[in-house]
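The values are calculated or read from the model by the stated rules, or taken from the named source; none is laboratory data. Nothing here was measured: the structure is a model prediction, and the numbers come from that model. All Cβ positions, even for glycine, are placed from backbone atoms using ideal geometry, and neighbour counts span all protein chains on display.
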Amino acid sequence: MADRDRSDPSARAGRAPDRAPAPGRAEPALPHGQPTPSGEAPLPADSEFRAEVDALFALVRRRYGARLTEAELEGVRKGVQGIVEGARALRAVRLGNADEPFQPFSPYRSDA
Amino acid sequence: MTAADAVFVSVRELGERIRARRLSPVALAEVFLGRLERLGPRYNAVVTLTPDRALAEARRAEAEIVAGRYRGPLHGIPYGAKDLLATAGISTTWGAAPFREQTFAADATAVRKLEEAGAVLVAKLAMVELAGGMGYRQPNASFTGPGINPWNLGAWSGGSSSGAGSAVSAGLVPFAVGSETWGSILGPAGNCGVAGLRPTYGRVSRHGAMALCWTLDKLGPLALTADDCGLVLDAIAGPDPADPTATARPYRYEPDAGGARRFRFGVVRAAVEACEPAVRDSFERSLEVLREVGSVEDVLLPDLPWEAITRTILWAEAASAFEDLIESGGIAGLTAPEDHSAPYARDAILAKDYIKALRLRGVMAREADRVLAPLDALVAPGRTAVAPPLGQEFRSAVRGTAGDLMGAIGNGAGLPAVCVPNGFGERGLPTSLQFMGRAYEENAVLAAARAYQSRTDWHRRHPPDCA
């Protein structure tokens, strides 16, 4: 298992991986279990975040906008914002090459 | 036998009476069918009563027991199934108006196993539409109406196994089978003051159950006691060729396990600090009880985006599971207005981020196991707050507007947890205590919960006006 031998040793040892600083992230993550005062995901101020939200929202709007009201579209935009927030939190964690998706897969044979 | 003799009696005790032929399965089924018909509408707990099937199963149970063929502790016991479990020839609506005429030809594996154990299906129980996977923000999110809490008719019973929670709490069924993707067993159990067991992922076959999220969905029981949950799990657990994720690891409930030994409990303080004051108070009092049977120590988890991992997996898989309904615009037929549009946002989940969540799930599983390995269970409040009022938007970890560290890790890593009532909070509503264990250690968490329930009487308190 050469790939695994070259992998991040923290993953092999079962230790938590390093958490990289979130690119462009203006504020640290909230402590676990702490809802934001407004009950909605905070909106980071950086332009990179806004640009990603705008681009992905434009895709969703192009696909489904004709069937949605302006109020619904605003709700969808907030949903996209939450998705991007979550994605940036995931991207901020560094993993090793050998850290595979934690999924079962096995080749299939009907006679097996 | 009168209704009062059989209502709010544990499955174990009912089973003893049936085995000793002091209680007729047919009479028992009639009692609970009557209660479901009379009181079910008060709580919006029932989608479909199943009297024909119930009475046929009850008569068969009675004949077998009279003939000396006793199958075990569920023989002749009525139960309700969340309406996402397929039942042959009986509608299975998934709680959603677009599927209200849906019928399957065969039973879900869990329903079949309960029939083999001799249990009696009396009702298909109400649920949040599509198990809440479309992003609902308030209780009125089912074509059968919002689930109503028996402890306070102005409060929600919880989601998404709404009817399972309220029906057990109000004495409409001795036990129910619900499902949890993230919070849908522990939530309604905690809100309604009953026991709920979320088994290890794969412990119970999902075959015949609505898929919301293939790698997070679990089926499990709600009942009056943790002991009853163990009895039910014993019947429904096991491998299934129809569900390749169902584990081949054998399971046998061990009701006598852990009787005399000392437990070792861990507490993640961050999971407690997020709770409302009355929930924290109940939890701190519970810790005093647990110190009578074991040690309690604070444990730390690394700083990882636990909730984002589980949320990303859930949203991405749910968007795929219901791709046809979403892309066709069929979600406009759902009850909750927010469910008409919220799922569209999930087109914004990038494949790379979903894969990253699946990779981080491995880290989550290893970290959770490292913390849990020396412990019998992590303990925490079952819910951060008591049941919210009807007619109001609530916060939700699934939507990212509340924290739920235990739920994110427990569901993301597929770990078993049982919750039991541990007091009361605002508006006379129950609070709850959860025990979460290592994978496949249902017997450990059940033993701990039994030890707690043997020293408390919260599970013997029942909602008013349920006679």
Taking the range B:94-111 as the search range and keeping residues that are under 18 Å from the mean Cα position of the chain (by Cα) and in a loop (DSSP other than H, G, I, E, B), which one is farthest from residue B:45 (Cα to Cα)? B:108
Helices (runs of 4 or more DSSP H) fully within the range B:256-371 counting 3 or more residues that are within 11 Å of chain A (Cβ to nearest Cβ) and buried (at least 17 other Cβ atoms within 10 Å of the Cβ): B:269-273, B:306-321
Scanning the range B:376-397 residue by residue, those more than 11 Å from chain A (Cβ to nearest Cβ) and either surrounded by 24 or more Cβ atoms within 10 Å (Cβ to Cβ) or hydroxyl-bearing (Ser, Thr, Tyr) (or both) turn out to be B:376, B:377, B:378, B:379, B:382, B:383, B:386, B:387
Surrounded by 24 or more Cβ atoms within 10 Å (Cβ to Cβ) and farther than 17 Å from residue B:81 by Cβ, is that true of residue B:210? no
Filter the range A:72-101 down to the residues that are free of Cβ contacts under 8 Å to residues at least 60 places away in the same chain, buried (at least 21 other Cβ atoms within 10 Å of the Cβ) and either of a type in the set (A, V, I, L, M) or not in a helix (DSSP H, G or I) (or both) and list them by number. A:76, A:80, A:83, A:84, A:87, A:90
Would you mind finding the one in B:165, B:190, B:159 that is on the phi < 0 side of the Ramachandran plot and either modelled with pLDDT under 95 or among the basic types (Lys, Arg) (or both)? B:159
Can you report the number of residues in the range B:438-449 which are surrounded by 24 or more Cβ atoms within 10 Å (Cβ to Cβ) and in contact with an Asp or Glu (Cβ under 7 Å, 6 or more places away or on another chain)? 1
For the range B:222-235, does any single residue satisfy the condition of being part of a loop (DSSP other than H, G, I, E, B) and either more than 14 Å from chain A (Cβ to nearest Cβ) or among the aromatic types (Phe, Trp, Tyr) (or both)? yes
From the list B:55, B:49, B:130, B:114, which one is on the phi < 0 side of the Ramachandran plot and crowded, with 24+ Cβ neighbours inside 10 Å? B:114
Might you let me know whether the range B:196-207 holds any residue that is in contact (Cβ under 8 Å) with a residue 24 or more places away in the chain and under 24 Å from residue B:389 (Cβ atoms)? yes
Let me spell it out: the conditions are (1) under 24 Å from residue B:187 (Cβ atoms); (2) basic (Lys, Arg); (3) surrounded by fewer than 24 Cβ atoms within 10 Å (Cβ to Cβ), and residue B:82 meets all of them except one. Which number is the exception? (3)
A careful count of residues in the range B:399-417 that are in a loop (DSSP other than H, G, I, E, B) and within 11 Å of chain A (Cβ to nearest Cβ) gives 8
Being assigned to a loop (DSSP other than H, G, I, E, B), at pLDDT 95 or above and touching a strand residue (DSSP E or B) at 6+ places or on another chain (Cβ under 6 Å), is that true of even one residue in the range B:54-76? no
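Examine the range B:333-348 for a residue that is touching a Lys or Arg at 6+ places or on another chain (Cβ under 6 Å), at pLDDT 95 or above and not polar (S, T, N, Q), and state whether such a residue exists.
Among the residues of the range B:333-348, at least one is touching a Lys or Arg at 6+ places or on another chain (Cβ under 6 Å), at pLDDT 95 or above and not polar (S, T, N, Q), which makes the answer yes.
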